[in-house]
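As structure tokens, the structure follows; a few thoughts come after it.
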Amino acid sequence: MKPRERVMLDHEAIDRALRRIAHEIVERNKGARDVALVGVRSGGEGMAKRLCSLLGEIESNSSSCGYIDVTMYRDDIFHSRTNIKVKKTVIDFPVEGKTIILVDDVLFTGRTIRAAMDALMDLGRPKSIQLAVLIDRGHRELPIRPDYVGRNVPTARGDLVNVSVGGEKDEVLLVEGDDELQKKEGE
């Protein structure tokens, strides 16, 4: 049986969500002067780039933007991965004293964000860390809550959420899965 796919967000809906998040960031932080965005590789990269651009439009200045790889900080790194690919972390600004907005595409269990916070703290001590995600799908295993959310999407644990932002086609797909099949594939 072929899994059922449906588009949850198209290009226009993603654009609206990111514009709303950018305005919320400016409002909450009383501007964007001491705000820096850090996209979690690889899903948060495209979002971080877009949000940096949008913040520049709103505030008429550019916010610092970087990308962080959390591969070596994950608590499941050796559990089901055979080919571990570490990407480069690119943060060419001091994190010390800045409000860092971690940006990721999907928030699920919270483990990736925990790893991102650990990696970020190895680079310095930010004033604060906030979290922006395009999709919050629930099923948290750790007490992590986003500050900015594009859309809450209730999912079954075995579903997949595929996000494409900044590529050829911006969209969020929900692929309804079978929990037992997903469990077997993950082993």
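The values are calculated or read from the model by the stated rules, or taken from the named source; none is laboratory data. None of these values were measured; they are calculated from a predicted model. Ideal geometry is used to build each Cβ from the backbone, glycine not excepted, and the neighbour counts take in all protein chains shown. Accessible surface areas use protein heavy atoms only, side chains included; no ligands, DNA or RNA. Shrake-Rupley method; radii C 1.70, N 1.55, O 1.52, S 1.80 Å.
The residues listed here are 38, 70, 7, 86; of these, the one that is within 15 Å of residue 119 (Cβ to Cβ), open to solvent by 70 Å² or more (accessible area, probe 1.4 Å) and of a type in the set (A, V, I, L, M) is 86. Identify the residue in the stretch 10-57 that is in a strand (DSSP E or B) and of a type in the set (Val, Ile, Thr) and, among all such residues, is nearest to residue 134 (Cα to Cα). Once the filter is applied, the top-ranked residue is 40.
Evaluate the stretch 23-44: report whether one residue or more is within 13 Å of the chain's Cα centre (by Cα), among the hydroxyl-bearing types (Ser, Thr, Tyr), on the phi < 0 side of the Ramachandran plot and modelled with pLDDT of 95 or more. Checked against the condition, which is being within 13 Å of the chain's Cα centre (by Cα), among the hydroxyl-bearing types (Ser, Thr, Tyr), on the phi < 0 side of the Ramachandran plot and modelled with pLDDT of 95 or more, the stretch 23-44 yields no hits at all. Pairs linking a residue in the stretch 102-115 that is touching a residue at least 24 places away in the same chain (Cβ under 8 Å) to a residue that is of a type in the set (D, E, K, R) and assigned to a strand (DSSP E or B), with Cβ atoms under 7 Å and 6 or more positions apart or on different chains, are 107/136; 112/104; 113/104.
Of all residues in the stretch 20-49, those that are under 20 Å from residue 173 (Cα atoms) and touching a Lys or Arg at 6+ places or on another chain (Cβ under 9 Å) total 2.
Residues in the stretch 138-163 that are under 25 Å from residue 10 (Cα atoms), of a type outside the set (A, V, I, L, M, F, W, C) and either at pLDDT 95 or above or in contact with a Gly (Cβ under 8 Å, 6 or more places away or on another chain) (or both): 11 in all.
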